[in-house]
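Quick notes on the structure that follows.
Where a number appears in this text, it was derived from the coordinates with a stated rule and is not lab data. Note that this is a predicted model, so its numbers are computed, not measured. Glycine also receives a Cβ, built like all others from the backbone with ideal geometry; neighbour counts cover every protein chain displayed.
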Amino acid sequence: MTTADLSVFSQAPLTRLLLGRRAFGPMGGGKAGVLVERNLMVYRRLWLTMVSGFFEPVFYLLSIGVGLGKLTGAIDGVPYAHYVAPGLLAVSAMNGAVFDATFNVFFKIKYGKIYDAMLATPLRVGDIALGDIMWAQLRGLMYSAAFLAVMLVMGLVHSWWALLALPVTVLVGFAFAAVGMASTSFMRSWQDFDLVTLALMPMFLFSGAFYPLSVYSHWVRILIEALPLYHGIDLLRALTLGQVHVGLLWDVLYLAVMGLVGAVVAARRLEGLLLT
């Protein structure tokens, strides 16, 4: 992929709509593709780090979905493994995006001083924020595509609507990457990242990846439905099981707004950290 290709990608209408120059104004954003290219070159030598993140959801699928599924009946009319798999697909998108947008971004800000070096070039804060959000999205997309391939091989996909699953994982990755980067800008030390784990682990366990929300009381269900991972799971489960309905548009809107707000906050925070 050449710089010219990436430049075209960064100028795509969807990018401009979500996070382009109009969103960041004088902070930039149009050269974000250069940062993606830089990350591609760096991770060529760190491919094992990238690959390892793919296996965790697969292990959960095999142990809980397939193994525990032998002891349970069908849920919502489908075998248990078929019910769990879309939830873990959403988790793949979340994990790939959020860990790159938190731990790696913190290192670049606090220790590597990589963003400071970038600002000595024509890149601006908006380019940096958008570029690393796009990169985190791309990492989440790679995990999701590989996991979706596993689902296809195992016969866990029920509908042609699943063709939209990958674009939805990009949206999930965008939402978590943007909010992850914004949150990282408030971190003071590595100890603060315990909060990231504290937020992600309960969301992973209780957002409906492993069982329906009907097991909860009314108020707990409302609380769970406010969590972003629930909306990703709801979307992907509907698409892969062929249970599409108009209410899914609310899930799309929720994740898009979450990503946009997170991206703008991230850019503003980076501007404050790096330019003052």
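Could you compute the longest span of the chain free of chymotrypsin sites (Phe, Trp or Tyr not before Pro) located in DSSP loops and having at most 11 other Cβ atoms within 10 Å, not counting the site residues? Here the longest run is 1-110. Would you please calculate the Kirkwood hydrodynamic radius of the chain over all C-alpha pairs and express it in Å, rounded to one decimal? One over the average 1/r among Cα pairs gives 19.2 Å for the chain. Rounded to the nearest 20 debye, the dipole magnitude of the chain is 560 debye, with +1 charges on Lys and Arg beta carbons, -1 on Asp and Glu beta carbons, and the Cα centre as origin. Across all Cα pairs in the range 30-175, the calculated P(r) in 10 Å bins from zero up to the longest distance comes to 11, 36, 28, 15, 8, 1 percent per bin.
If you sort the three axes of the alpha carbon gyration tensor as a ≥ b ≥ c, you get a/c of 1.5 or more for the range 93-238 and a/b no higher than b/c, which makes it oblate. For the chain, complete DSSP H runs whose alpha carbons reach 24 Å or more along their own long axis and whose mean Kyte-Doolittle score is 0.5 or higher are 80-99, 125-153, 165-184, 248-275. Where the alpha-carbon atoms of the range 53-114 are placed on the principal axes, they occupy 53, 18, 12 Å, in descending order.
Can you give the percent of C-alpha pairs in the range 134-211 whose distance is more than 20 Å? Don't skip to the answer; put the middle values down first.
Numbers: 1427 of 3003 pairs.
That fraction is 48 percent.
What the pair-distance distribution of the range 192-276 shows, using all Cα-Cα distances binned every 5 Å from zero, is 3, 12, 17, 20, 20, 12, 8, 5, 3, 1, 0 percent. Over all directions, the projected convex hull of the C-alpha atoms in the range 182-235 averages 4.4 nm² in area.
Under 5 Å between amide hydrogens, built in the peptide plane, is the criterion, and for residue 75 it picks out 80 among residues at least 5 positions away or on other chains. Partners of residue 110 within straight-line reach, counting aspartates and glutamates whose Cα lies under 16 Å from its Cα and excluding those fewer than 8 residues away in the same chain: 100, 132, 192, 271. Rounded to the nearest 500, the helix-only mean residue ellipticity at 222 nm of the chain stands at -22000 deg cm²/dmol, with each DSSP H run of n ≥ 4 adding -39,500 (n - 2.57).
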